[in-house]
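In what follows, a single structure is set out as structure tokens and then discussed.
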Amino acid sequence: MASNRITLLLVAIAGCARLASAQVPTEIAKQLIAIGRGVCVPETAQLYRPLHGNPPYAGVSIARDLSFGPDPKNVLDVFASEKGGSSRPVLIYVSGGAGNKRQGGPNGDVFYDNIMLWAVKNGMVGVNMQRRPGEAW
């Protein structure tokens, strides 16, 4: 009886590990290995960018570059379902600063948008904030 449980547990763990490794497309996995173990943001972004959609996103309402605080570079984007609804949880994502929220131009950046789209898909309102280092909230 105990050996059956252990066998079932091992099969479940192996299945989960297989699914986790299947998330990276084979061609991208090869290129990631070639890049190496360092943090290579531009190179990695170039590999993954084609996998993301481009705005406008179906069913999603976006308000971009809403200013908060005294610094005009302190801005946020709000993503919500076009279907509306009330009493939704809010996911607030604050990037590391340094003005990097706007790398993608006036239509945003697919990587930050991807986080907000995940929030909307899961019944939340997504807020992507850009806070300048050294500025008061």
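The values are calculated or read from the model by the stated rules, or taken from the named source; none is laboratory data. Given the structure is predicted, the values throughout are model-derived calculations rather than measurements. Note that each Cβ is placed from the backbone with ideal geometry, even for glycine, and that neighbours are counted across all protein chains shown.
Look at D65 and say whether it is modelled with pLDDT under 90 and in a strand (DSSP E or B).
Yes, satisfied.
When you look at E82, is it among the acidic types (D, E), modelled with pLDDT of 85 or more and touching a Ser or Thr at 6+ places or on another chain (Cβ under 7 Å), yes or no?
Yes; evaluated as a whole, the condition is true for this residue.
Given the structure, is A119 within 17 Å of the chain's Cα centre (by Cα), part of a strand (DSSP E or B) and modelled with pLDDT of 95 or more? Show your work before the answer.
Numbers: within 17 Å of the chain's Cα centre (by Cα): yes; part of a strand (DSSP E or B): no; modelled with pLDDT of 95 or more: yes.
Answer is no for this residue.
Looking at segment 37-52 only, could you name the residues that are of a type in the set (A, V, I, L, M, F, W, C) and either in contact (Cβ under 8 Å) with a residue 40 or more places away in the chain or assigned to a helix (DSSP H, G or I) (or both)?
First, the residues of segment 37-52 that are of a type in the set (A, V, I, L, M, F, W, C): 39-41, 45, 47, 51.
Matches in segment 37-52: V41, A45, L47, L51.
Consider I92 carefully, then state whether it is touching a Phe, Trp or Tyr at 6+ places or on another chain (Cβ under 6 Å) and modelled with pLDDT of 85 or more.
So I92 fails the test.
Report every pair of residues separated by at least 6 positions or lying on different chains whose Cβ atoms are under 7 Å apart, first residue within segment 76-97 and within 15 Å of A63 (Cα to Cα), second charged (D, E, K, R) and surrounded by 15 or more Cβ atoms within 10 Å (Cβ to Cβ).
Hits for this filter: D77/R64.
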